[in-house]
Structures are given as structure tokens and as C-alpha cells.
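Below you'll find the structure, written out as C-alpha cells, and then a few comments.
The values are calculated or read from the model by the stated rules, or taken from the named source; none is laboratory data. Here the structure is a predicted model, which means the values were calculated and not measured. Virtual Cβ from ideal backbone geometry, glycine too; neighbours counted across all protein chains shown. With ligands, DNA and RNA removed, areas are computed over all heavy atoms of the protein, side chains included. Shrake-Rupley method; radii C 1.70, N 1.55, O 1.52, S 1.80 Å.
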Amino acid sequence: QDFAIFMFTCVVACLALLAGVLTALGPTHIKGALQTGSGNQDRRPLHWFDGLKMLDPEITPFLNLTMKIPKEKVSDPKYNLFEDEDRVAWDTLTEDLDASETVVSVADGTQFMAGMRILFPTGGNEVALVTSVSTNDLTVTRAQLGTTAVATALSGDPILILGNKVLEADTLPNIKTTVPVTKYNYCQIFREAYGYSNTNAATSKRGGPNDPERDRVIAMREFKKSIERAFRWGTRYLSGTERATGGFESLVTTNVFDVDGQLSRPDILRIVERTTRYGSPKKLWLCGREARLAFDALGFEHELVPSSQNWVGIDIERVKTSFGEFGLVTDHMNEVGYADRIHIVDTSKVAMAVLRGVEHLTNRQAPDYDGVKNEFMCEVGLYLDTEKAHGVVKGIVAND
């Protein structure tokens, strides 16, 4: 009897073990209707969208702009241009002036010469005659053309240059001219390599293009972004065979506005007035995200000009003022440390200087390399003239 019980127990145990083995090796049995989450998930092919979805939006607006504008072909890595402007008509006093003084101190004596008439707008429009110039001190004869000597003019008050005193049958007046200023920049070499092994190229993959095509697309994007960063924030530099192109912020030095806080409507109008003094009355404003938040809070009326209807190729919000108009673009390159910036670009005064155009160079690998190495390469720089036609706004804090 005990033996029979023992044998029965062994049989039950063996059957349980066999059931476990069969369960592990065979199909899973379930009760009820199959659900998508039940059964062998490897049977589901799933769905993969074709194409490569890049997370970054288009963040090379300045480069796109210079590529659409006719390029400046150069024949040397260093390229020069001459910049000149009309003789100025205004200067300022650097010392107070009373009615008896005959020596007038000004900010820039190089603007004056003997024989010029000048006018003091403060206190009655007095006309004076310059008889000699010594550095920044003018010796003058006061109260000319029937005017009265001003009782008081203060340091910082304006002076208007009227022109030369000329009499009938007079001798030739003194000659006054300007000397052009040499501006220069460098072409920089840009290279972006990509590659893959032959094994990787032969392996089938889901999700759109194979790795060679995917890497080509990514390399081109990084290539463009490198040029964009150099054109915006690069520092002009030359040492031996190393050259770097000067970027927009390093070349624009006159119209630099440090808001150092919240932006106001008077700020905007003053900036427009200053930057439209030279060049075109139409500017492109590349606006960082923080700066854009501050600008939108001001409620300026604007007109949307889609990319298909403007030659810049970017959606633009056009804002009109009495001094001119500007196209506002949300600039994703101006981010993190530069999100407070607005780059004001006169599109008629910038271009890409090209020593060597963009080349797609293939088969850059050694003969025994089991794979492929390619690269994009060019040698270009930022060409910017009439520096006073552009501007940089910084230090903008959005009002939260």
C-alpha cells in the first residue's frame, strides 16, 4: 500500500514536470479573446513612419539670407573694402561758452577749418567765423551775419557747420576732404566629415533612409550651423595658417544698444531711428526668444509676410514706423546666452564672401579602409559694409 502511494506521488510529480516543460516549449494558452497586448509581440510588425524627423527647427536664418543674396567672390583669404561717408555737419561743445569768448572747444576739431561759418543753435542761432584751428580748439570771430553772441552755451550743446565764407570774386576756399577707412575680414575654412562602415551600409534598417543618407543630412545641417555661428559671433583672427572670420556682433560697433532691462515702445522707436539713418530704411530683425517675448508684450501692429512671398525665405512679421519698417523673425540661433539679443541686419549691406564654394567631397578614406568617409567643405567669410546701417540690441529682459 505504501509503495502504491509512493508510485502515485511520483507519477503526479512527473506529470506536473512534463506540463511545465510543455508549457515552456509550446504555445501559451489563454482564455477569452486575444488582445493586442497578449500573445507573442514579435508577431506584430508595428508601424514606422518613413523619413528622418529632426528635432531642431530651421536655425540658420542669417546663413540662408547670405546664400540668397548675390555672393561676393574673393581671390584672397583676406578681403578688404573701403568705407567712406559725407563730411559731418554737426559737432558738440566740450566746454561752456559765454558771449565774450573767442576760443571754442569742440569734440572733433578735424571737422573744421579756417574760413568756415558755424552756428550755435542754443540761445539765439548765433553765427561765428572760424579763423584758425588748433587740435580741438577753434579761434572764432563771434556774432557774424548780423547775429548776436549767445549769452550762454553749455558743454554738450550742438554746433552746426554752415559752410565756407565766400565773397564775390574771392580766392579759392580751403580744401577739406575725407580719407576712406579700410575695413577687412577673413575667409574661414569650414569642414564637416561623415562616414560609415561597409557592414553598416549593407544592413537593412527601418525608419526611412539608410545610415549613409541619414548621416549626409545630419552632416549638412551641422555644416550650415557652424557657418551660421561664425557669421554671427565669430572673432576675426589670423595666426599662421589659422584664420577665423569676424562675425556680425564683432563687426557692428556703432549701433549697439544695451537695454539692461525691459523693452519699451520708445526704446524700439529710438532704435529704428538710429539704425535707419544709414543704408536702407528696411531692416531685418533677428530676434532671440527672450527678446521676442518682450517685443510681443508691447503690442505693435504687424503684417505677416509668409516665406513664399518674400525673398528672404523666412516667415516675417512686418512692422511699420515713421522712420522705416522692419521684418521681425523669431531667431532660434539666438538662444541661451544670446536669447536677449536682436540682430538688426540691413540685407542690402551683407553678403557671403566666397574664396572656395561649398564642395561635397567623397571617398576621403584610405585605400584599405573598410567603409566610406566623405565631407562638406568651403572657405567663406562674412562680408559686411556700411557698419552703421546695422545694429545689435542686447540685455533685454522679458516681463513675466
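For the subset of region 296-323 comprising residues that are assigned to a strand (DSSP E or B) and open to solvent by 30 Å² or more (accessible area, probe 1.4 Å), which member is nearest to TYR278 (Cα to Cα)?
LYS320
Could you pull out the residue among ALA128, ALA107, ALA169, ALA149 that is at pLDDT 90 or above and over 47 Å from the mean Cα position of the chain (by Cα)?
That would be ALA149, the only listed residue that is at pLDDT 90 or above and over 47 Å from the mean Cα position of the chain (by Cα).
Among the numbered criteria (1) among the aliphatic types (A, V, I, L, M); (2) on the phi < 0 side of the Ramachandran plot; (3) at pLDDT 90 or above, which one does VAL88 miss?
(3)
If the Cβ limit is 8 Å and pairs must be 6+ apart or interchain, which residue in region 254-278 that is closer than 16 Å to PHE300 by Cα pairs with which residue that is at pLDDT 95 or above and of a type in the set (A, V, I, L, M)?
What qualifies is ILE271/ILE344; ILE271/VAL393.
If you take just the strands (runs of 3 or more DSSP E) that sit entirely in region 60-122, which of them hold at least 3 residues that are under 22 Å from THR178 (Cα atoms) and either in contact (Cβ under 8 Å) with a residue 40 or more places away in the chain or open to solvent by 50 Å² or more (accessible area, probe 1.4 Å) (or both)?
By residue number, 78-83, 90-92, 116-120.
Mind checking which residues of region 123-151 are buried (at least 16 other Cβ atoms within 10 Å of the Cβ), among the β-branched types (Val, Ile, Thr) and more than 21 Å from ASN174 (Cα to Cα)?
Selection gives VAL150 alone.
THR241 versus (1) in contact (Cβ under 8 Å) with a residue 24 or more places away in the chain; (2) of a type outside the set (A, V, I, L, M, F, W, C); (3) within 30 Å of VAL74 (Cα to Cα): which is the lone unmet condition?
(1)
Here's a check for you: in region 152-182, which residue that is among the hydroxyl-bearing types (Ser, Thr, Tyr) and exposed (fewer than 11 other Cβ atoms within 10 Å of the Cβ) is nearest to ASP385 (Cα to Cα)?
THR182
For VAL150, are the conditions met, namely being of a type outside the set (S, T, N, Q), in a loop (DSSP other than H, G, I, E, B) and in contact (Cβ under 8 Å) with a residue 40 or more places away in the chain?
yes
Right, GLU58: at pLDDT 80 or above, at negative phi, among the acidic types (Asp, Glu) and out of contact with any helix residue (DSSP H, G or I) (no Cβ under 7 Å at 6 or more places or on another chain) or not?
no
Looking at PHE3, PHE49 in this structure, which one is out of contact with any helix residue (DSSP H, G or I) (no Cβ under 8 Å at 6 or more places or on another chain), at pLDDT below 90 and part of a loop (DSSP other than H, G, I, E, B)?
Checking each option against the conditions leaves just PHE49.
Would you confirm whether or not region 325-336 contains a residue that is free of Cβ contacts under 8 Å to residues at least 24 places away in the same chain and over 23 Å from GLY279 (Cβ atoms)?
Yes, some residue in region 325-336 is free of Cβ contacts under 8 Å to residues at least 24 places away in the same chain and over 23 Å from GLY279 (Cβ atoms).
Among (1) assigned to a strand (DSSP E or B); (2) open to solvent by 10 Å² or more (accessible area, probe 1.4 Å); (3) within 21 Å of PRO70 (Cα to Cα), there is one condition ILE344 misses while meeting the rest; what is its number?
Among (1) assigned to a strand (DSSP E or B); (2) open to solvent by 10 Å² or more (accessible area, probe 1.4 Å); (3) within 21 Å of PRO70 (Cα to Cα), the lone unmet condition for ILE344 is (2).
So which residues in region 324-341 are open to solvent by 10 Å² or more (accessible area, probe 1.4 Å) and β-branched (Val, Ile, Thr), if there are any at all?
THR330, VAL336
Step by step: first the residues of region 380-395, then only those that are touching a strand residue (DSSP E or B) at 6+ places or on another chain (Cβ under 7 Å) and open to solvent by less than 10 Å² (accessible area, probe 1.4 Å), then the one that is farthest from ILE342 (Cα to Cα). Which residue is that?
VAL380
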